[in-house]
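To keep things clear, I will list the structure first and then write my remarks on it.
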Amino acid sequence: MMNSNSIHSAKPQTRPLTQRERLAKIITGSRYWTLFEIQQECLTRFGSMDSETALSARFRDMPLDKRFKRVRHGTKNTFEYRLEA
């Protein structure tokens, strides 16, 4: 029989962040990030190797009024992304 203390003394389970949650934690703020930079930051910060294609798809899932995308200065086809807090 379990006593009542054993139920309440268990540590709460923490679930891993979803890809979308990882993306939001990285790109929310004033800095713009390329997909490659986001991918590297996911690996460094969370130990997860998310593909650039998947990260781009998750960016499109974000609220439209919070998304910012532009071409990186000095390039022709390199896009940068950020979310407004």
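The values are calculated or read from the model by the stated rules, or taken from the named source; none is laboratory data. Remember, it's a predicted structure, so these values are computed and weren't measured experimentally. As a convention, Cβ positions derive from the backbone with ideal geometry for all residues, glycine included, and neighbour counts pool all protein chains shown.
Miscellaneous remarks
- Residues in the range 14-38 that are surrounded by 14 or more Cβ atoms within 10 Å (Cβ to Cβ), in a helix (DSSP H, G or I) and under 9 Å from the mean Cα position of the chain (by Cα): Gln19, Arg20, Arg22, Leu23, Ala24, Lys25, Ile26, Ile27, Ile38.
- Taken together, the residues in the range 63-78 that are within 17 Å of Ala24 (Cα to Cα) and not charged (D, E, K, R) amount to 3.
- Yes/no for Ser56 being at pLDDT 95 or above, touching a Leu at 6+ places or on another chain (Cβ under 9 Å) and among the small types (Gly, Ala, Ser): yes
- Listed by first and then second residue, the pairs linking a residue in the range 42-60 that is closer than 20 Å to Arg70 by Cα and touching a residue at least 12 places away in the same chain (Cβ under 8 Å) to a residue that is of a type in the set (A, V, I, L, M) and surrounded by 13 or more Cβ atoms within 10 Å (Cβ to Cβ), with Cβ atoms under 7 Å apart and 6 or more places separating them unless they lie on different chains, are Glu52/Leu35; Leu55/Leu23; Leu55/Leu35; Leu55/Ile38; Ser56/Leu35; Arg58/Leu23; Phe59/Leu23.
- Taken over the range 43-85, the criterion of being assigned to a strand (DSSP E or B) and farther than 21 Å from Pro16 by Cβ is satisfied by Arg67, Phe68, Lys69, Arg70, Val71, Phe79, Glu80, Tyr81, Arg82.
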